[in-house]
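In what follows, a single structure is set out as structure tokens and then discussed.
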Amino acid sequence: MTLTQHGLGDLTWPDIPDKPMVIVPVGSTEQHGPHLPLDTDTVIATAVTAAVADAVSLRTRERVLVAPAISYGSSGEHQSFAGTASIGFVALRFLVVELVRSLSAWAGRVVLINAHGGNVAALAAAVRQLRAENRDVAWLPCVTDGGDLHAGRMETSLMLHLLPDTVKAERAVAGDIRSLADILPDLKAHGVRAVSPTGVLGDPAGASAAEGQRSLELMVEDALLRISQGAADVHGMLAVHERATERMPA
Ligand SMILES: [Zn+2]
């Protein structure tokens, strides 16, 4: 099965099955260091969504539709870097609310798959509101075990696997490699540039397509587990309780 077989944008209205599951990738357009493209998060969210849609379709024998990605997110922390195109918390929240209200008029379950940490607050607020309206919607993050924060080894590996021609490997440099907990106060107060002049949080050294493929597989496995066995928590996020450490790319 290919992505286009599931793409909502490729269908006509009579093609839409009765109450299909619809999955919406949620990404961003923001700086990803000097070596990765601005749409890195959108590419990752779309790739995870496509693989998840294939797997759920095969398992359930029902067609799962992939909506066009939300490719603008809440990226204020990256605003001091050229290229960043952020719509912020309020706009993203209402975009998700209105989008899901519209999808809910004909869809069954709606799942949003998010690949940008900065979107979490807006997504959670929107999905909480939508669930209070009794809509069948939840979201989940693209997570894997370990990995660094932003434009480091994990995201570079994922892009080497997904779209290698877009990676400018010769420009890859190490950024701030401290944990999120350590840099968060500075990050919140002054943005990413205050902690990393290149915009990288982590170290792309050692990144490879093979590692990216493995990370993608882990993200897809995790997403499938959440969709098949998870329950929405108070933030509307599908959660599976056995999971220990989690890390999502920013
Ligand atoms: Zn990212």
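The values are calculated or read from the model by the stated rules, or taken from the named source; none is laboratory data. Keep in mind it's a predicted model, so treat the numbers as computed, not measured. Heads up, the Cβs are rebuilt from the backbone with ideal geometry, glycines too, and the neighbour counts pull from every protein chain shown.
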* Being out of contact with any Asp or Glu (no Cβ under 9 Å at 6 or more places or on another chain) and either within 14 Å of the ligand (Cβ to nearest atom) or part of a helix (DSSP H, G or I) (or both) narrows it down to one of ARG178, ARG128, so name that one. => ARG128
* **GLU133 more than 28 Å from LEU218 (Cβ to Cβ) and either of a type in the set (Asp, Glu) or within 13 Å of the ligand (Cβ to nearest atom) (or both)** => yes
* Asked: Of the residues VAL137, VAL143, which single one is within 23 Å of LEU225 (Cα to Cα) and at pLDDT below 95?
  -> VAL143
* Using the structure shown, decide if ALA138 is in a helix (DSSP H, G or I) and either within 16 Å of the ligand (Cβ to nearest atom) or under 21 Å from THR46 (Cβ atoms) (or both). => no
* Asked: Can you spot a residue in segment 120-138 that is under 28 Å from ASP203 (Cα atoms) and polar (S, T, N, Q)?
  -> no
* Asked: If you check THR40, THR12, which single one turns out to be more than 18 Å from the chain's Cα centre (by Cα) and of a type in the set (Val, Ile, Thr)?
  -> THR12
* Asked: If you check LEU218, LEU238, LEU224, which single one turns out to be at pLDDT 95 or above, under 18 Å from the mean Cα position of the chain (by Cα) and crowded, with 19+ Cβ neighbours inside 10 Å?
  -> LEU238
* Structure fact -> Matching residues in segment 108-117 (buried (at least 24 other Cβ atoms within 10 Å of the Cβ) and within 16 Å of the ligand (Cβ to nearest atom)) number 4
* When you scan segment 62-88, how many residues do you find that are within 12 Å of the ligand (Cβ to nearest atom) and acidic (Asp, Glu)? -> 1
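Say whether the condition of being within 15 Å of HIS78 (Cβ to Cβ), in contact (Cβ under 8 Å) with a residue 12 or more places away in the chain, in a helix (DSSP H, G or I) and of a type outside the set (A, V, I, L, M, F, W, C) is met by at least one residue in segment 157-173.
no
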* Asked: Applying the selection to segment 76-107, what residues are surrounded by 16 or more Cβ atoms within 10 Å (Cβ to Cβ) and farther than 27 Å from HIS35 by Cα?
  -> ARG93, LEU95, VAL96, VAL97, LEU99, VAL100, LEU103, SER104, ALA107
* Evaluate the following for SER196: is it touching a residue at least 12 places away in the same chain (Cβ under 8 Å) and either among the β-branched types (Val, Ile, Thr) or more than 29 Å from ALA50 (Cβ to Cβ) (or both)? => yes
* Residue pairs meeting the criteria (Cβ under 6 Å; at least 6 apart or on separate chains; first within 7 Å of SER157 (Cβ to Cβ), in segment 203-215; second basic (Lys, Arg)) -> ALA207/ARG153
* Structure fact -> Note: among SER28, SER80, just one is in contact with a Ser or Thr (Cβ under 7 Å, 6 or more places away or on another chain) and either over 24 Å from VAL100 (Cα atoms) or not in a strand (DSSP E or B) (or both), namely SER28
* Out of GLY152, GLY202, GLY212, GLY191, which single residue is within 29 Å of ALA82 (Cβ to Cβ), within 16 Å of the ligand (Cβ to nearest atom), of a type in the set (Gly, Ala, Ser) and surrounded by fewer than 23 Cβ atoms within 10 Å (Cβ to Cβ)? -> GLY191
* How about segment 9-61: which of its residues are within 16 Å of the ligand (Cβ to nearest atom) and of a type in the set (D, E, K, R)? -> GLU30, ASP39, ASP41
